[in-house]
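The values are calculated or read from the model by the stated rules, or taken from the named source; none is laboratory data. Here the structure is a predicted model, which is why all the values come from computation and not from measurement. Positions of Cβ are backbone-derived with ideal geometry, glycine not excepted, and every protein chain shown enters the neighbour counts. Calculation scope for accessible area: heavy atoms of the full protein, side chains included, ligands and nucleic acids excluded. Shrake-Rupley method; radii C 1.70, N 1.55, O 1.52, S 1.80 Å.
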Amino acid sequence: MRINILGLNYFYHDSTACIVKDGRLVVALEEERLTRQKHTCMFPQQAIARCLEIAGLTTEDIDHIAISVQPKLDYYKKVAYAFKLGRKMKPFIGAEFLATRSKVNAFYAWLNTTYPNNKKPNIHFVPHHISHVVGSFFVSPYESAALLGVDGSGEWATTFKGIGRANTFQCIDQDFFPMSLGSVYEAATEFCGFKTNYDEGKTMGLAPMGNPETFGKVVSKLFWINEDMSIGVDLSYFNYQYYSRRCGKKFYETFGQPREQKKEAVFEKRHLDVAAAFQKQLEECLLKLARQLHERTHEDYLVVAGGVALNSVANGRIVRESGFKDLYVMPAAGDNGTAIGAAFYVHNSILGQPRAFVHDDPYVGTKYSNSSVLKFLEEFKLDYQYVPDGKLEIMTAELLHRGLIVGWFQGQMEIGPRALGNRSILANPTLPEMKDKINAQVKHREAFRPFAPSCPIEDAPRFFEQNVADPFMLKVCRVLPDKQAVLSAVTHVDGTARLQTVHQETNSRFHKLLKEFEKLSGVPVLLNTSFNVMGEPIVESPVDAIRCFFSTGMDYLVLENYVIRKKMANAF
Ligand SMILES: [Fe+2]
C-alpha cells in the first residue's frame, strides 16, 4: 500500500516541509532558503510546492499531513498558568492564544484552497516534543535508545524524557513551562546582546572567551536538575515567564548591565563571564539528565532533539562523559527537523509501519544541474570555465592551498543550520590569518566566532579526539594538542573544534576534494563555513550563490562543474 506523508513545521520558527514516501525521507526544505527570510515562521507554502516537485508528486498524491504541534495539548495547564500570573496574564494570553489560532487558520486556509473539492488527506497534529525526539528516534540508527528532547517550550512541555524501542516509545517524564533550560539560556543570549531564539550558537561560541568561575556559584543556583530528573529554575532572576524580555531586574542587579543589541557594541568582561557560566551550567544540567537517563533505562545509546540539542559543546560532553556509547542528533535538530519527526511519527507510530530508514544523509534539499547553472552564467554574462569531474577537485584543492577562499555549491542542499560541503565556503585551515580574513571580508560577522573543520571520517583520529561519527557538526571535540597549531584557523580558543566527519558514501565529491587537499598540504582538513553572509539564510540557488559571491571577498566560485573567478584573483 502506498503511503505519502507531507510533514510540516511552522508554528514557532524555522518553517519546513518534507515528504516521506513509503517510509523514506525523499526531500526536506526549509522555507527560509526560498523566501530568504532567516528562521521564518510563515506557513511553508513555497517549500511544500518545491518538495512536491522534487518528489514527483501532486497534492492529490498526499495521503497524510503531519504538523509538528498539537494546538490543544496542555490547554488547561496554560489557562491555569495564565490565571496564576494574575495582573500579568493579559499579554500572556494575547500572545499565546492569538498566535496559535492564527497558525491553525493559516493551515486550513491553505488546505481549503489546495483541496477545494477533492478528498482531503488525513490531518495529524503531532505533539511538539514527540515530533522532536520520538521522530528523531524513528530515523536514528538505533533499534532502541533513551530519548531526551530539550527546547524553550513546545505547546507547554520543555523537556521530554523517554525510551524508544522499534516503532514504539514510552514517555518517562516531562517538564513544563516555565521550568525551561532553553528559556534560561535565552536569557544569557539576550544579556550578551544577541537575538533570542536565534543566536544561541553565538553565546556558545562566546563562552570560551570568559571565565566560568566568576559567576559560577550564583548561576549554579539559577537553574539545575533535581534528583528526580526534573528541572529547577529560580524564576526571581528571569522575566521570560511573562513572555517578554528574558532577563529580570534581579538578573541585572547580579550580573550588571547587558550588552546593547548592536553588532558593534563592546563585549565587557561580565558579558563573556555570563556566557561562560551559563554554558557550563547548561552542560552540567544536560550531562546530569543524560546520566540519570542512562542509569534508569540501561540503554547504550541516546537520541537528543530540540533547539538545545544544537548545543554541540554539550553534545560532545555527553558523548564523552555520560556513559552512553554515542548519541544521535538529526541534522535539523531544531524546529526545522520536527517536520521530519512528525511525518515519521505518523508513519511508524500512528500507521504502525516498521522502521526502514536512517536519516544519516543531510543532503535532502534542492539540486541544480550543470545545464541549469550554465543558463544563469550565460544570462549574467559571467566568465566561467567548465572543469570535468576529477580535475574539478584537483583544481579546487590547488586554489584552496594557495590561500584563496572558494564558494562551493554542489549537489543537493543540506537540511539544518550547518553547511556540510554542498553549500559551503571553503578555505585553508592551516593559515592562521584565515579566520580573521573570512570573518572580515566574507561573512562580516563577530571576530570571536570560530570556524569548523571538515575531515574524512577515516582520517579524523589523526587530528581530533573524536572516536564517533559526526557528519552533522553536532558534537564538539578537542583538536589533538600537537595539531592545534597546524589547524589554527579551525581550532577555537579552548582547543576544541566543531568537526564534520565526511563520509564517502554520502558525499563522494567533498570527500575527494579533502583527499586532494591533503596531497598538497599534508592535511585532509578544510575550513568549512556556511555559504551566506551574516543575517542571511544559506544560499539555495545558483542565483543566491552568485549574488553572495560578488557581494563578499570570496575569490572563486565553484558551481557544480563551472568555476568562476574574480578579476583580482590570479588567472586560471
Ligand atoms: Fe522545538
Regarding ILE231, is this residue away from the ligand (no atom under 16 Å from the Cβ), over 23 Å from the mean Cα position of the chain (by Cα) and either of a type in the set (Val, Ile, Thr) or more than 30 Å from VAL358 (Cβ to Cβ) (or both)? no
Residues to consider are PHE549, PHE517; find the one that is over 24 Å from the mean Cα position of the chain (by Cα) and open to solvent by less than 30 Å² (accessible area, probe 1.4 Å). PHE517
Looking at (1) at pLDDT 95 or above; (2) out of contact with any Pro (no Cβ under 9 Å at 6 or more places or on another chain); (3) not in a helix (DSSP H, G or I), which is the only condition LEU382 fails? (1)
Helices (runs of 4 or more DSSP H) (entirely within the stretch 63-154) containing at least 3 residues that are within 16 Å of the ligand (Cβ to nearest atom) and surrounded by 15 or more Cβ atoms within 10 Å (Cβ to Cβ): 89-114, 135-138
For the stretch 180-216 the number of residues that are hydrophobic (A, V, I, L, M, F, W, C), open to solvent by 30 Å² or more (accessible area, probe 1.4 Å) and within 26 Å of PRO417 (Cβ to Cβ) is 1
Could you list all residues from the stretch 411-450 that are in contact with a strand residue (DSSP E or B) (Cβ under 7 Å, 6 or more places away or on another chain), on the phi > 0 side of the Ramachandran plot and surrounded by 24 or more Cβ atoms within 10 Å (Cβ to Cβ)? GLY421
Which listed residue, of LEU351, LEU310, is open to solvent by 40 Å² or more (accessible area, probe 1.4 Å) and within 15 Å of the ligand (Cβ to nearest atom): LEU310
Checked TYR198, TYR252 against criteria (hydroxyl-bearing (Ser, Thr, Tyr), within 30 Å of PRO450 (Cβ to Cβ) and within 16 Å of the ligand (Cβ to nearest atom)); the one match is TYR198
Matching residues in the stretch 33-49 (open to solvent by less than 20 Å² (accessible area, probe 1.4 Å) and either closer than 14 Å to THR114 by Cβ or part of a helix (DSSP H, G or I) (or both)) number 4
